[in-house]
Structure formats: C-alpha cells, structure tokens
Amino acid sequence: MTTSFTDTQAQPHNRLALGDLATQTQIDWLSALSARGGPLVAAARRFMRDHFPAHEAELSDSASLLRELARAMQRWLTLDDVDADAERDFVEGAGATLGMILISHVGDASHVARGNVHRIRLRKFGFFDPFAAVDRALDANQVRAALAREVACAEAEAQGHGPTARVVGALARALAERASNLCIRDQFDGLITLESIDGVNPEHGLAGTQAGAPIAIDLQRAIETTRDQPLAAAEQVAQRYLSMLPLPGARLPAETFEGLRLRLLPRIVRSDVLSELSESGRAALFSATLLSELAVAIVVQEPGRARYLRASEAEAFPIAATSLLEIALANLEACSTQTRLLPAKDAPGVFLSRTGDGRDSARVLLPTLYQALRVKLGAQICVGLPHRDTFMVCAADDALARRALAQRVAEDAARAPHKLSCELFMLSAQGLAPCAHGLSR
C-alpha cells in the first residue's frame, strides 16, 4: 500500500486501488469486515472510539485514517507515567486498527491466528504483523515516516515481493518445477507444511490425494536473512530448501545420521505449539518434555533455514533419544562462544541474552550456563523465557529485580511471534525447575 500522509487522498497510481471505504462498506465499515477481521474488529473499534471517533463508522479514505493513526501514536508518546498495561493496550488497539485498514484495502486479506500469535494474511503468500509494525513505529524518531514504511512493507507482501511472500512464493515455484508431487498445504507466516499430492499443480491448488506424511518446515530464518537482499537470494534459498527436503513418508537411513549430527540443535517450544505443528503436518515431531508448558524439540540446521526433526527420523537413527539431545546440546555449546549478557533497559538487576541467532532461549539448557551465571548472580537464579530469541535472568534473592524480571517477561511474551512462557523458572546445576511459591512474581 503506497499512501502519502501529506496528501488528502491516495494517489491515482496506487497499485492496490485504495478507494472510498464509505462507499465500499456503506456506514459501518468495521462491521462489514467482521468475517475477515475477527477479534481485530472489536479492538479497532475501541481504539478508534478513544482516539478518533469520527472515523469509527464512516471513513472518507484510507490516507485520512492512517494520518489519524499516526497522530494518535504521536500524542501517545507525549504522555507521562504510562504503565505497562496501558502501553500494551495502546499497541494492541493501534495494531488492530492498522490491520483492519490493510484487510479492507487489499481485499484478499484476513486475520489469522495460531494460539496467541496474530497476523494479517495478504493474498496468496503474504503475511504481516501489524502489532510489531506499530511497536517499531513508536520506537522510531519519525512516527509518520516509520508507519508509512510499515504500510509499504505490507503492500509489498500483498504484491508478492515482501520478505515473507517472495520466499514462500519462490519455494512454491521451485516445487512446481522440480517436485510437482509436493505442494504447500498450509502456511502461517514463515511456518510451512508441505504434502504429497497426485495430479495437482502446487501453483494452482492444495487439494489432492495424499501420498505420504507432510513435512513441517520453518522458513523464518530464510526470510530474515534475505529481507534486504535481491529476489535472486530468495530464489536460491528456496532451491536449497528443496534439495534438502526428505520425500514425504521417507525414513532416513541410519547411515545418514553422521551427515546430520553436526547440524542438530535443540529448540525450546511451547507444548501446545508443538502439538499444533505435528497436527498441521500430520507427522509427529521429535520432542522431550521440559516443563509443564514447554518441550525441547530438535531442528536440523541448514543454510538460511531450519526444519523440525520428525519422530520417525529420530527412530531411524542408531542412537537413543537421550544421546540425540546430548549431541544437539553439544552442537549448541559449540556455537555459543559469542553469547553475552546485557543489562535490560528499565529493569535494574535484570540481564538478558540477545545474540540474534534465534537460539538464545535454548541456551538455558546448556550445563555450563549455570556455572557462568553463578559467578555473576549467586547460587539462586531466576530465569525468564518470554520467546525464542532471548533468555532473561536475575538474582533470585533480589526482590526488586525479580519483580522487574516478571514484568519484562510478561510484556515481551505478550507480543512475541515465538512466545514461550510468561512464568519465571529457577536455574540450578540440575537444570530448569518451576519457581518456588512466592518467587514467580
């Protein structure tokens, strides 16, 4: 979507044909989009009623609403003494409003969710996170310009050349050219499920007769690494993915284990998410229980991507499951030499790890971590795992730090794309354990 905040109306050459929402949806444009907006409709209505009520029912054009949204965000930044709950509510309302604008103008777009993770699907392969977009715009020096960039990114996703859409689209084209018996059966952001079909071109449909177990793969790393690169980079990574995928239903021969062992890495996953991935791919993924809501899965790391190891693959390996986890942990330790703890902003006594490789949460499983943290924090250590890309720690006997940790973990988990847990845990030489009563907050 290309929209100028300085123009009264969208430009005539706008590729998404931004039109008069009032004529499209009569009076209550939000209600008219309820089937595609889902829970975003009510959140957007509340936000608009609080911040620009004149546009709640009748809207002249999208540029007007985007300008009002930018103004509301700028006014918000001038407020003093805003607590975490109010900040979260504002981001949720502003994100829902942005999402509803996109749904209206793209046409073939809708709200989709997996658990507590909400996205906007834009046409065939495009996905967009309006809440993260609002967060980024609020953190920028120029709110209007940043919001315009976010909207442009959403337009690119809808047109098929945004970061997510082009990688997934490149994979679909590669499948059509080189593996026409495979197609994309399901997509949620960068999480893809492939399945075997008979007689159906993957470019034109997902129906067909199943001929093997579906394959669940995670393209998020590929999407991030090619975000600022030419289209050719997305095409190349799609070809690499395809060349490394096992055929549906095929069992890896035992002798291939040595070729994979150095690429096995642990990943902490919510148990319910793991179940959803297994169900959507109709193939059980290898995992081990960690805590009540968390499990440890294993991913096979490839250049630009990682896929979850299936239970059937692990069964074909010539080693026990416990040894498989030990190998994955050893691989993680080998690539953790650059991990650093940084003081958390506005949370005295709290430290976090943010290496940027998507493996930080799994590093709490390393046997050597506790000894390294003990030197800094003492024998009693509280740990937070809000999402996949970090872990947070503080001394358990520091009540102020513990409260700050609990608040930061809850806030980060609430808006994370790969949420893990809002709870605090204890870390010891024996590993992770639930916090004792009274320490969880």
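Within the bounds of region 250-261, is there any residue that is modelled with pLDDT under 85, open to solvent by less than 20 Å² (accessible area, probe 1.4 Å), among the hydrophobic types (A, V, I, L, M, F, W, C) and in contact with a Lys or Arg (Cβ under 6 Å, 6 or more places away or on another chain)? No; the residues of region 250-261 include none that is modelled with pLDDT under 85, open to solvent by less than 20 Å² (accessible area, probe 1.4 Å), among the hydrophobic types (A, V, I, L, M, F, W, C) and in contact with a Lys or Arg (Cβ under 6 Å, 6 or more places away or on another chain).
Candidates VAL106, VAL134: the one that is surrounded by 21 or more Cβ atoms within 10 Å (Cβ to Cβ), among the aliphatic types (A, V, I, L, M) and closer than 25 Å to ALA413 by Cα is VAL134. Among the residues of region 114-125, those that are of a type outside the set (D, E, K, R), over 11 Å from the mean Cα position of the chain (by Cα) and in a strand (DSSP E or B) comprise ILE120, LEU122.
In summary, VAL269 fulfils each of the numbered conditions (1) at pLDDT 85 or above; (2) over 19 Å from ALA433 (Cα atoms); (3) hydrophobic (A, V, I, L, M, F, W, C); (4) part of a strand (DSSP E or B) with the single exception of condition (2). Being within 22 Å of the chain's Cα centre (by Cα) and part of a helix (DSSP H, G or I) is the requirement here; does ALA94 meet it? So ALA94 fits the description; yes.
Output the number of the condition that SER287 fails; it satisfies all remaining conditions of (1) under 30 Å from CYS183 (Cβ atoms); (2) modelled with pLDDT under 85; (3) among the polar types (S, T, N, Q); (4) open to solvent by 30 Å² or more (accessible area, probe 1.4 Å). For SER287, the failing item is (2). When SER62, SER104, SER34, SER110 are screened for being under 19 Å from the mean Cα position of the chain (by Cα) and of a type in the set (S, T, N, Q), only SER110 passes.
Identify, please: which residue in region 1-41 is open to solvent by 50 Å² or more (accessible area, probe 1.4 Å) and among the β-branched types (Val, Ile, Thr) and is, among those, modelled with the highest pLDDT? The selected residue is ILE27. Within region 413-441, take every residue that is of a type in the set (D, E, K, R) and surrounded by 21 or more Cβ atoms within 10 Å (Cβ to Cβ) and give me the one that is nearest to the chain's Cα centre (by Cα). Out of the qualifying residues, it is ARG415. Could you please tell me which pairs satisfy a Cβ distance under 6 Å, a separation of 6+ or placement on different chains, a first residue in region 93-107 that is within 15 Å of LEU122 (Cβ to Cβ), and a second residue that is of a type in the set (Lys, Arg) and open to solvent by 10 Å² or more (accessible area, probe 1.4 Å)? So the pair list comes out as ILE103/ARG36. Counting only residues that are in contact (Cβ under 8 Å) with a residue 24 or more places away in the chain and assigned to a loop (DSSP other than H, G, I, E, B), region 126-155 holds 1 of them. Cβ-Cβ contacts under 8 Å between residues 6 or more apart (or on different chains), taken from a first residue in region 63-80 that is more than 21 Å from LEU102 (Cβ to Cβ) to a second residue that is open to solvent by less than 20 Å² (accessible area, probe 1.4 Å) and not β-branched (Val, Ile, Thr), are listed as LEU77/LEU138.
Within region 349-385, the residues that satisfy the criterion of being open to solvent by 30 Å² or more (accessible area, probe 1.4 Å), within 23 Å of the chain's Cα centre (by Cα) and charged (D, E, K, R) are ARG354, ASP357, ARG359. With respect to the conditions (1) among the acidic types (Asp, Glu); (2) within 28 Å of ASP218 (Cα to Cα); (3) loosely packed, with under 13 Cβ neighbours inside 10 Å, ASP389 lacks only one, and its number is (3).
Residue by residue, here is whether (1) part of a helix (DSSP H, G or I); (2) touching a residue at least 60 places away in the same chain (Cβ under 8 Å); (3) open to solvent by 40 Å² or more (accessible area, probe 1.4 Å); (4) hydrophobic (A, V, I, L, M, F, W, C) holds:
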| position | (1), (2), (3), (4) |
| --- | --- |
| ILE319 | no, yes, yes, yes |
| LEU332 | yes, yes, no, yes |
| THR339 | no, no, yes, no |
| ALA347 | no, yes, no, yes |
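Only one of the numbered conditions (1) modelled with pLDDT under 90; (2) within 29 Å of GLN187 (Cα to Cα) is violated by VAL82, and that is (2).
For region 98-113, give me the residue count where each residue is outside any strand (DSSP E or B), in contact with a helix residue (DSSP H, G or I) (Cβ under 7 Å, 6 or more places away or on another chain) and not aliphatic (A, V, I, L, M).
Count: 3.
Return yes when HIS111 is of a type outside the set (S, T, N, Q), in contact with a His (Cβ under 7 Å, 6 or more places away or on another chain), open to solvent by 10 Å² or more (accessible area, probe 1.4 Å) and closer than 22 Å to ARG149 by Cα and no when it is not. So HIS111 passes the test.
Scanning region 156-208 for residues that are assigned to a loop (DSSP other than H, G, I, E, B), open to solvent by less than 10 Å² (accessible area, probe 1.4 Å) and modelled with pLDDT of 75 or more yields a total of 2. Inspect region 42-62 for any residue being surrounded by fewer than 18 Cβ atoms within 10 Å (Cβ to Cβ), at pLDDT below 90 and on the phi > 0 side of the Ramachandran plot and give the result as yes or no. Taking every residue of region 42-62 in turn, none turns out to be surrounded by fewer than 18 Cβ atoms within 10 Å (Cβ to Cβ), at pLDDT below 90 and on the phi > 0 side of the Ramachandran plot.
The set of residues from region 308-341 being within 17 Å of VAL269 (Cα to Cα) and touching a Pro at 6+ places or on another chain (Cβ under 9 Å) comprises ARG310, LEU325, ALA328, LEU329, LEU332.
The values are calculated or read from the model by the stated rules, or taken from the named source; none is laboratory data. Only a predicted model underlies this, so the values are computations on that prediction, with no experimental measurement involved. No Cβ is skipped: glycine too gets one built from the backbone with ideal geometry, and neighbour counts run over all protein chains shown. Side chains included, ligands, DNA and RNA excluded: accessible areas come from the protein's heavy atoms. Shrake-Rupley method; radii C 1.70, N 1.55, O 1.52, S 1.80 Å.
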